[in-house]
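Asker: Below is a structure I'd like to ask you about.
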Amino acid sequence: MIYKEQIFNLIESAKRPLLIVGNGVRMAKAEDELAKFRLCSGIPFVTTWATKDMFVEGTRGLVGTFGVSATKYGNLAVQNADLIISLGCRLDTHMAGPDWRKFAPKAKKIIVDIDRAELDKYPRTGSELKVCIDVKEFLQEIKPDSIFWSGEWIGQILKWKEQYPICPDEYYKQKDYVNPYVFMNELSKATKDGDIIITDAGATLTWTMQGYGIRHRQRLFSAFNHSPMGYALPASIGAQYAAPDAQVICITGDGGMMMNIQELETISYNKLPIKIFVMNNGGYGIIRQTQDRWLEGRHAGTGPSNGLGMSDFMKIAGAFGLYYMRIFDHAKIDEHIKDVLNISFAGKIKKPVLCEVMVNPAQKITPKLDPGKSLEEIE
Ligand SMILES: Cc1ncc(C[n+]2csc(CCOP(=O)(O)OP(=O)(O)O)c2C)c(N)n1
C-alpha cells in the first residue's frame with residue numbers, strides 16, 4: 001500500500017488521535033479488523049448515524065456521534081484531535097460542517113475511501129492524506145502493535161462527556177410533557193438485546209440519533225441522509241418480515257406518521273407486533289425550529305395555528321384496530337414504555353401498539369449547529 005510508512009509515522013507521532021468510523025467499514029465487512037485496530041491502538045473513535053449501531057453504548061473508546069446534529073463532546077473531540085483517521089466515511093457537510101477548512105483544523109487527516117471521486121471532492125488544505133483503498137485492506141495492512149493513546153487525551157474526552165451530556169438530569173424534572181431525550185434514554189433502557197429500532201425524519205430522527213443508547217446486537221435504521229418523512233412505518237414492516245422473531249420498534253413524528261398511514265392496516269391485518277411510538281409535538285418540529293431561528297418565529301405550515309392540521313391519533317389507532325396508549329409526562333415513564341413493549345394477548349401473542357408520546361411543541365433539537373459555524377460551536 002502506498003503511504004504505508006507515512007501513515008505509521010503519523011499514527012506514532014500523534015498525541016490526540018481519533019478514528020472516524022464510517023459505513024464503509026460495514027460495507028467492507030471489516031468489523032473484525034476494526035476491532036483489532038481499536039484494541040491494539042487504543043485510539044478513541046466517533047461514529048456517524050449509520051454506524052452508531054455498530055457499538056454498544058459504553059464501548060471502550062467510543063466517544064459518540066459528531067456533526068451538525070450530534071453531540072457536543074463528539075464535535076469537541078473531532079475539533080481538538082491532532083490526527084483524524086477517517087475510515088469509509090464521506091464526510092459530507094452534515095458531518096464535517098459547511099466549511100472544510102474549519103473541519104478538524106488542528107489535525108492531519110488520513111482519509112480512507114474506496115471511491116476516488118469521494119476523495120477528490122475534498123479541497124486541498126495540505127493536511128489531507130487521501131488513501132484510495134478498501135477499508136478492510138487498509139486495516140489489514142496497518143496493524144498498530146502498541147498503544148498510542150495518551151491518558152490525558154482520553155481523560156479530556158471523558159470530561160467533555162460529563163460536561164455536555166445529551167440528557168442532563170434537569171430534563172427529568174421537566175413537567176407537563178415528555179422531553180424526547182428522556183424518552184430516548186428510557187426507551188433504550190427498556191429494550192432488549194437484538195431489538196430493531198427504526199426511526200423516521202425531522203427532529204424525531206435527530207433525537208433518536210443523539211439520545212438513544214445502543215444495546216447488544218441491536219440495529220438502528222433510518223433512511224439516513226435521504227430522510228423522507230414516512231419511512232419508518234413501512235420500513236418497520238419490512239424489518240418485521242425479515243426478522244419475524246425480533247421486537248421491532250418504530251419511532252416516528254406526528255407529521256411523518258401521516259405520510260404512510262395506510263400501512264397501519266398492513267400491520268393490523270397481518271397482526272405484526274410492531275410497537276409504534278408517535279412523537280407528538282403538534283406538527284413539524286424541525287421546521288418550526290428553523291422558523292424560530294431564522295424567521296423570527298413566523299410560523300407557517302408547521303402546526304394547527306398556522307396551516308397544518310393534525311389528526312387524533314387515538315381515533316386513528318381505533319380505526320385501524322390497534323391498541324392505543326399515551327405517555328403524557330415523566331411520571332412512571334419507564335413503566336409505561338415497558339407496558340407498550342410487553343403488551344400481549346392472553347399472555348402470549350404480542351400485539352401491535354400505537355403509543356403517542358406528548359412532546360412540547362416548543363421542544364428543540366439540542367445541540368444543533370447553526371449554518372456557518374464550525375463544529376465545536378454547536379449549542
Ligand atoms: C416526504 C417529505 N416531505 C418533506 C420533508 C421535509 N421535512 C423534513 S422533516 C419535516 C417535518 C417532520 O415533522 P415530524 O415528522 O412531525 O417530525 P418532528 O420534526 O416534529 O419531530 C419536513 C417537512 C421530508 N423530509 N420528507
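Asker: Any idea which of D113, D92 is crowded, with 23+ Cβ neighbours inside 10 Å and over 20 Å from A35 (Cβ atoms)? Lay out the reasoning, then the answer.
Answerer: Working: D92 fails: crowded, with 23+ Cβ neighbours inside 10 Å.
None of the other options fit; the residue is D113.
Asker: Then there is this: Does D113 fit the bill of being of a type in the set (D, E) and more than 16 Å from I154 (Cα to Cα)?
Answerer: Details: of a type in the set (D, E): yes; more than 16 Å from I154 (Cα to Cα): yes.
It is true that D113 is of a type in the set (D, E) and more than 16 Å from I154 (Cα to Cα).
Asker: Considering each of P98, P144, P168 in turn, give the residue that is over 27 Å from T208 (Cβ atoms) and either modelled with pLDDT under 95 or surrounded by fewer than 19 Cβ atoms within 10 Å (Cβ to Cβ) (or both). Step through it out loud before you land on a result.
Answerer: Values: P98 fails: over 27 Å from T208 (Cβ atoms); P168 fails: over 27 Å from T208 (Cβ atoms).
Only one candidate qualifies: P144.
Asker: Turning to a different aspect of this structure: Applying the selection to segment 3-51, what residues are within 15 Å of Q140 (Cβ to Cβ), in contact with a helix residue (DSSP H, G or I) (Cβ under 8 Å, 6 or more places away or on another chain) and of a type in the set (A, V, I, L, M, F, W, C)?
Answerer: V25, A28, A30, L34, F37
Asker: Are any residues in segment 210-220 closer than 18 Å to N23 by Cα and either buried (at least 24 other Cβ atoms within 10 Å of the Cβ) or basic (K, R) (or both), and if so, which ones? Steps first, please.
Answerer: Here is the first cut: in segment 210-220, the residues closer than 18 Å to N23 by Cα are 210, 214, 217-220.
Within segment 210-220, Q210, R217, R219 meet the criteria.
Asker: Give the residues of segment 10-25 that are closer than 17 Å to P144 by Cα and part of a helix (DSSP H, G or I), sorted by residue number.
Answerer: Passing the criteria: L10, I11, E12, S13.
Asker: Examine segment 325-332 for a residue that is more than 14 Å from the ligand (Cβ to nearest atom), of a type in the set (K, R) and surrounded by 13 or more Cβ atoms within 10 Å (Cβ to Cβ), and state whether such a residue exists.
Answerer: Taking segment 325-332 as the starting set, the residues that turn out to be more than 14 Å from the ligand (Cβ to nearest atom) are 325-332.
Filter again for of a type in the set (K, R), leaving 326, 332.
Remaining after also requiring surrounded by 13 or more Cβ atoms within 10 Å (Cβ to Cβ): 326.
For segment 325-332, residues more than 14 Å from the ligand (Cβ to nearest atom), of a type in the set (K, R) and surrounded by 13 or more Cβ atoms within 10 Å (Cβ to Cβ): present.
Per-residue answers, yes or no, for (1) outside any loop (DSSP other than H, G, I, E, B); (2) closer than 20 Å to V178 by Cα:
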{"position": "I276", "(1), (2)": "yes, yes"}
{"position": "G283", "(1), (2)": "no, yes"}
{"position": "I286", "(1), (2)": "yes, yes"}
{"position": "Q291", "(1), (2)": "yes, no"}
{"position": "H299", "(1), (2)": "no, no"}
{"position": "L308", "(1), (2)": "no, no"}
{"position": "S311", "(1), (2)": "no, yes"}
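Asker: Could you grab me the full set of residues in segment 16-64 that are within 23 Å of I196 (Cα to Cα) and among the acidic types (D, E)?
Answerer: E31, D32, D53, E57
Asker: Being on the phi > 0 side of the Ramachandran plot and more than 9 Å from the ligand (Cβ to nearest atom) is the filter here, so list the residues in segment 215-233 that pass it. It would help to see each step written out before you state the result.
Answerer: At the first step, the residues of segment 215-233 found to be on the phi > 0 side of the Ramachandran plot are 217, 224, 227, 230.
Of everything in segment 215-233, those that are on the phi > 0 side of the Ramachandran plot and more than 9 Å from the ligand (Cβ to nearest atom) turn out to be R217, F224.
Asker: Considering each of G309, G283 in turn, give the residue that is of a type in the set (G, A, S) and more than 12 Å from the ligand (Cβ to nearest atom).
Answerer: Testing whether each residue is of a type in the set (G, A, S) and more than 12 Å from the ligand (Cβ to nearest atom) leaves just G309.
Asker: Shifting gears a bit: The conditions are (1) closer than 25 Å to A190 by Cβ; (2) of a type in the set (G, A, S); (3) surrounded by 19 or more Cβ atoms within 10 Å (Cβ to Cβ), and A243 fails exactly one of them. Which is it?
Answerer: (3)
Asker: Go through segment 64-83 and count every residue that is more than 25 Å from I286 (Cβ to Cβ) and either polar (S, T, N, Q) or surrounded by 18 or more Cβ atoms within 10 Å (Cβ to Cβ) (or both). It would help to see each step written out before you state the result.
Answerer: Step one: list which residues in segment 64-83 are more than 25 Å from I286 (Cβ to Cβ), which gives 77, 80-83.
In the following step, the residues that additionally are either polar (S, T, N, Q) or surrounded by 18 or more Cβ atoms within 10 Å (Cβ to Cβ) (or both) were identified as 77, 80-81, 83.
The total comes to 4.
Asker: Given the criteria within 30 Å of R298 (Cβ to Cβ) and within 16 Å of the ligand (Cβ to nearest atom), does F183 qualify? So that I can check it myself, show each step before the final result.
Answerer: Values: within 30 Å of R298 (Cβ to Cβ): yes; within 16 Å of the ligand (Cβ to nearest atom): yes.
Considered against the rule, which asks whether it is within 30 Å of R298 (Cβ to Cβ) and within 16 Å of the ligand (Cβ to nearest atom), F183 comes out as yes.
Asker: Hey, another quick one. If we scan segment 255-276, do we find a residue that is surrounded by 20 or more Cβ atoms within 10 Å (Cβ to Cβ), within 12 Å of the ligand (Cβ to nearest atom) and touching a residue at least 60 places away in the same chain (Cβ under 8 Å)?
Answerer: No; the residues of segment 255-276 include none that is surrounded by 20 or more Cβ atoms within 10 Å (Cβ to Cβ), within 12 Å of the ligand (Cβ to nearest atom) and touching a residue at least 60 places away in the same chain (Cβ under 8 Å).
Asker: In this structure, does A242 turn out to be of a type outside the set (D, E, K, R) and either away from the ligand (no atom under 16 Å from the Cβ) or over 22 Å from I343 (Cα atoms) (or both)? Lay out the reasoning, then the answer.
Answerer: Working: of a type outside the set (D, E, K, R): yes; either away from the ligand (no atom under 16 Å from the Cβ) or over 22 Å from I343 (Cα atoms) (or both): yes.
Yes, satisfied.
The values are calculated or read from the model by the stated rules, or taken from the named source; none is laboratory data. No experiment lies behind these values; they were computed from the predicted model shown. We place every Cβ from the backbone using ideal geometry, glycine too, and count neighbours over all the protein chains shown.
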